[in-house]
Amino acid sequence: MEVVLIPNKITVGDVSAARGELKKGVIKGVELVNNASMDIPVLVMNGKSDGPTLLLMSTQHGIEIQGIEVIHRVMRHEINLDSLRGAIIGIPVGNPLAFMHHQYLSWIDNLDVGRERVDRSEGNTTERLAYAIWTEAWSKADLIVNIHCNTRPDSLVYQWINVGNPTTREHVEKMADAFGVTTIVSDSPLPDDAPPTLGNMAARKGIPVILEELIDGRWISEPSTSVGVRGVLNIMKAFNMIDGDPEPQEGIPIVPGVNRFHGIIRANRGGLIRLMKKPGDHIEEGEDLAEIYDLYGDILEKVKMPVDGYVWAFPCGQSLGTSGGLQAVQAGANIAYAFTRDKD
Ligand SMILES: [Zn+2]
């Protein structure tokens, strides 16, 4: 990336950070029935030298909180304002309406701030949050890391990139290489009629976005936080925002190369579920992945792996749209996210 000249002051919401300043404040959100304002906290760190503006956002989904710690560690401990080239915008909780009720989606309208339109300042409640995040933060960034988490601690840390947009492909691949975890690649170009969500608008404006999925999402724990911090610092090194060479990830399994999402494996019967493989293990087509058994202990279904490949997580036990409620499934429940690896 060519050096980006940043203005002397960076303004996000009510925060204005001059060169060499780290400031905190809020992006104005929505007013609730009791007139409390549900705002979006933001940290802005403006380095002393020119460089790109990196945006780190966590907790688009309210129960995925590891990225909050990653943002704190990067912005408050790891990075020194004197040596930072460019700026960092940190949004610890992208959907405060989800986070406040320990829910995946906004409790008011059950919507996802990452899947709503960003062009409706007078839209529904979650659309207004999306509008605020786009207008005040995402639209001002040169690079975006959107940090999510799977629920179970045995999930595979991975990143998802879309390389179907020629204007962002090179930078997205460079971010993924630097972050250094298992990479799931999609190459479908953005359709012309795709709704203007945060991710789609960024792709349209040529802003590269990478989606990271840490693990044990309801807690602040290792290895998620160290992997997340190392990955973000690696991206900053790769884009010359700080000195140093990217460090390889450690302490987690990594499936190398180009991997592709195969699909969601679902239960056909109801009952308790026993998992028989680990995320990141190579699994042959037809091998037993899990079994579902009833309250008498009889096995009702042996769930088979549909393809030669891997799973990255077992999102079972869904309750209120998210996984990890209870180790039990109903017919149609998600059991595993499966992926395959391209031949080298
Ligand atoms: Zn998520």
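The values are calculated or read from the model by the stated rules, or taken from the named source; none is laboratory data. Predicted model, so just to flag it, every value in this text is computed and none were measured. When we count neighbours, we look across all protein chains shown, and the Cβ atoms used for this are built from the backbone with ideal geometry, even at glycine. Note: areas computed on protein heavy atoms with side chains; ligands, DNA, RNA excluded. Shrake-Rupley method; radii C 1.70, N 1.55, O 1.52, S 1.80 Å.
Considering only residues in the range 203-256 that are of a type in the set (S, T, N, Q), under 27 Å from A87 (Cβ atoms) and open to solvent by 20 Å² or more (accessible area, probe 1.4 Å), the one that is farthest from the chain's Cα centre (by Cα) turns out to be N240. Answer with yes or no whether V329 is surrounded by 18 or more Cβ atoms within 10 Å (Cβ to Cβ) and free of Cβ contacts under 8 Å to residues at least 40 places away in the same chain. So V329 fails the test. Within the range 179-198, being of a type in the set (A, V, I, L, M) and not in a loop (DSSP other than H, G, I, E, B) holds for I184, V185, L198.
The residues in the range 7-61 that are surrounded by 24 or more Cβ atoms within 10 Å (Cβ to Cβ) and not in a strand (DSSP E or B) can be counted, and the count is 3. In the range 62-85, of all residues being in contact with a Lys or Arg (Cβ under 9 Å, 6 or more places away or on another chain) and either of a type in the set (V, I, T) or more than 16 Å from the ligand (Cβ to nearest atom) (or both), the one that is most open to solvent (accessible area, probe 1.4 Å) corresponds to D82.
A quick yes/no check of all residues on (1) of a type outside the set (K, R); (2) at positive phi; (3) touching a Gly at 6+ places or on another chain (Cβ under 6 Å):
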{"residue": "K140", "(1), (2), (3)": "no, no, no"}
{"residue": "T182", "(1), (2), (3)": "yes, no, no"}
{"residue": "S188", "(1), (2), (3)": "yes, no, yes"}
{"residue": "P195", "(1), (2), (3)": "yes, no, no"}
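Checked against the criterion of being within 16 Å of the ligand (Cβ to nearest atom), over 20 Å from K237 (Cβ atoms) and in contact (Cβ under 8 Å) with a residue 12 or more places away in the chain, the range 187-196 contains not a single residue that satisfies it. Just a yes or no: is a residue in the range 86-94 of a type outside the set (A, V, I, L, M), open to solvent by 10 Å² or more (accessible area, probe 1.4 Å) and touching a Leu at 6+ places or on another chain (Cβ under 8 Å)? Yes, the range 86-94 has at least one match. Pairing residues of the range 294-311 that are open to solvent by 60 Å² or more (accessible area, probe 1.4 Å) and of a type in the set (D, E, K, R) with residues that are assigned to a strand (DSSP E or B) and at pLDDT 95 or above, at Cβ distances under 7 Å and at least 6 apart in sequence or on separate chains, gives K302/D288; K302/E291; K304/D288; K304/L289; D308/T340.
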